[in-house]
Amino acid sequence: MKAWKHFVTITRHRHLVMAGCFRVGLYRQGLTHDLSKYSPTEFLTGAKYYQGTRSPNAAEREEKGYSLAWMHHKGRNRHHYEYWTDMDPVKKDYAAQPMPRKYLVEMVMDRRAACMVYEGKNYNPGSALAYFEKSRERTLMHPQTQKELSYLLTMLKEQGEEKTFHYLKHSVLKGKPFPWEAEKPE
């Protein structure tokens, strides 16, 4: 029964992300989003630790001290900021890299969908921002990615989906500058 519930949960999540990606023109990413969740490494763990109210990877991490499913997932899915960590040739240490915009936009869709799935009727447009603000991950992302994501999640909360999705499609994905990047008149 847990396997079926997990399947339904991840499929619902994928469909929500897909719909969001399609709305902003990311068709390939919408179709391929989180396909690794159906691989044995991720799916079997998800079924074993399924709770329905949060990621099964958190439960695996609590039991083992790490999550193999998460390590598998983040290494295959570019919409996770962790994917964009590499060895800094100058500092000779691992460092976060800025995310390309199309993956940043997919990350927004992913976070929105995760909150919709796990919060159910309690979901609101500010849910993803609230989760982001209380997490430690802000300090682990590249500062540019953190600033862009925070801006977009704040926009989702304050201006809603329609305006945010329009901005994602017509500004972010078109490479237009964010407000703080715009050239100031001389």
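The values are calculated or read from the model by the stated rules, or taken from the named source; none is laboratory data. Keep in mind that what you see is a predicted model, and the values were worked out from it rather than measured. With ideal geometry, Cβ positions are generated from the backbone for all residues, glycine too; neighbour counts draw on all protein chains shown. The area values use the complete protein model at the heavy-atom level, side chains included, leaving out ligands, DNA and RNA. Shrake-Rupley method; radii C 1.70, N 1.55, O 1.52, S 1.80 Å.
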Worksheet item: Picking from M116, M107, which residue would you name as being within 20 Å of Y27 (Cα to Cα), touching a residue at least 24 places away in the same chain (Cβ under 8 Å) and either open to solvent by 50 Å² or more (accessible area, probe 1.4 Å) or of a type outside the set (K, R) (or both)?
Response: M107
Response to the item:
Across (1) without any contact (Cβ under 8 Å) to a residue 60 or more places away in the chain; (2) under 19 Å from the mean Cα position of the chain (by Cα), P179 clears everything bar (2)
Practice prompt. Would you point out which residue out of R23, R101, R28 is open to solvent by 30 Å² or more (accessible area, probe 1.4 Å) and closer than 28 Å to T139 by Cα?
Written response: R101
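Given K174, K121, K134, K157, which one is more than 28 Å from T53 (Cα to Cα), open to solvent by 40 Å² or more (accessible area, probe 1.4 Å), out of contact with any Phe, Trp or Tyr (no Cβ under 6 Å at 6 or more places or on another chain) and of a type in the set (K, R)? Before the answer, list the steps.
On the way: K121 fails: more than 28 Å from T53 (Cα to Cα); K134 fails: more than 28 Å from T53 (Cα to Cα); K157 fails: more than 28 Å from T53 (Cα to Cα).
K174 is the lone residue from the list that is more than 28 Å from T53 (Cα to Cα), open to solvent by 40 Å² or more (accessible area, probe 1.4 Å), out of contact with any Phe, Trp or Tyr (no Cβ under 6 Å at 6 or more places or on another chain) and of a type in the set (K, R).
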Worksheet entry | Residues of the range 62-74 that turn out to be surrounded by fewer than 12 Cβ atoms within 10 Å (Cβ to Cβ) and either touching a Pro at 6+ places or on another chain (Cβ under 8 Å) or in a loop (DSSP other than H, G, I, E, B) (or both), as a count | 2
Item to complete: Can you work out which of the residues in the range 24-53 that are within 14 Å of the chain's Cα centre (by Cα) and part of a loop (DSSP other than H, G, I, E, B) is nearest to V8 (Cα to Cα)?
Response: D34
Fill in: Yes/no for L129 being within 16 Å of the chain's Cα centre (by Cα), at pLDDT below 95 and closer than 30 Å to H6 by Cα
no
Worksheet item: So which of T85, T53, T41 ends up being open to solvent by 30 Å² or more (accessible area, probe 1.4 Å), touching a strand residue (DSSP E or B) at 6+ places or on another chain (Cβ under 6 Å) and touching a residue at least 12 places away in the same chain (Cβ under 8 Å)?
Response: T85
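Could you check the range 160-169 and list, in sequence order, the residues that are surrounded by fewer than 16 Cβ atoms within 10 Å (Cβ to Cβ) and either under 11 Å from V108 (Cβ atoms) or not basic (K, R) (or both)? Reasoning before the result, please.
Of all residues in the range 160-169, those surrounded by fewer than 16 Cβ atoms within 10 Å (Cβ to Cβ) come to 160-163, 166, 169.
Within the range 160-169, G160, E161, E162, H166 qualify.
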